[in-house]
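Trainee: Have a look at the structure that comes next, please.
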């Protein structure tokens, strides 16, 4: 952002005060000093030298504004640029073409920051080479540079090659939430208006993916209850359930469209008071509109199946739902029926529990 005239002027004055060699009286003849001393040392804003400082500052300011505008107009529209435009979207403000680019008319918007509803955004693009890695290669067995054009185009669009996908969400009660239908339509229209010609924009804004996490945690029985209505709670503070709190916090603080790393979650649980041995048994995920126990769910982590110990995974919507109020994950039931956090607690005692010595 270009500096203001006042900022530039003040920098010149500050620098002049530091440099003794800029003292105008050192280069004047005695007669000139006598005639001009009061004028050249005056601190008045209307003195000759101060007026010249203002003229120079104005010239620098104009130059910076021109450079800034040229940079804006010539800036390549990368994926990062599209992401920035999403965050700059102002709900309810019309777009106007001014000074060579689109700008929002915010004269009727009482609070610009509140009108900027996009708080999370992730951009991705599927490249042609990702879908057709061997296309056109002379040494490929299945390569066919003259393959059927119609078939190629059909596959091209079916696989969403060349489409910029934008996952976006607003924030409600300090959690990511999807745009409603009208908000998504208007935002799509905004992106369609400012995008490059020929670029296809796909806006995704849905409820968070479903997730089911199953843990077995061995704890210090002198610190945490393992049975009854208080299982999982600290003996010294019944308002705290450190393991469930940590798991939920890990999910909610993931970077938008970031990777869920099971080993990182285990490390976080291990650090909690009273926890001695956390064992992650299973993680199951599903799209927001599918049942967690249906064929559309995916076991991304299962300690009984080494193939399913996924190093990391990313939610389709960009985030996971953590509103588990409608299932049994937070009560005292051990029945696993829906999305949520399910933790079984056991006392950690190597000396008396024979199962540790199997």
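Trainee: Report the normalised scattering of the range 237-309 as log10 I(q)/I(0) at q = 0.12, 0.16, 0.23 Å⁻¹, calculated by the Debye formula with identical scatterers on the alpha carbons.
Mentor: -0.40, -0.70, -1.18
Trainee: May I pose another question? Just the number, please: percent antiparallel of the DSSP beta bridges in the range 210-357, rounded to the nearest 5.
Mentor: Percent antiparallel among DSSP bridges in the range 210-357 is about 70.
Trainee: Label-point separation (nm) for residue 71 and residue 239, each offset 7 Å from Cα along Cα-to-Cβ?
Mentor: So the label points at residue 71 and residue 239 sit 5.0 nm apart.
Trainee: Over all Cα pairs of the range 210-357, how is the pair count split among 5 Å bins, expressed in % and running from 0 up to the last occupied bin?
Mentor: 2, 9, 18, 22, 21, 14, 8, 4, 1, 0
Trainee: Need one number: nm distance between label points at residue 349 and residue 261, each 7 Å from Cα along Cα→Cβ, rounded to one decimal.
Mentor: Placing both labels 7 Å along Cα→Cβ, they lie 3.7 nm apart.
Bear in mind these aren't lab numbers, they're just calculated from the coordinates by the rules spelled out. Since this is a predicted model, take the numbers as computed values, not measurements. Don't worry about glycine lacking a Cβ; one is built from the backbone with ideal geometry, like all the others, and counts go over all protein chains shown.
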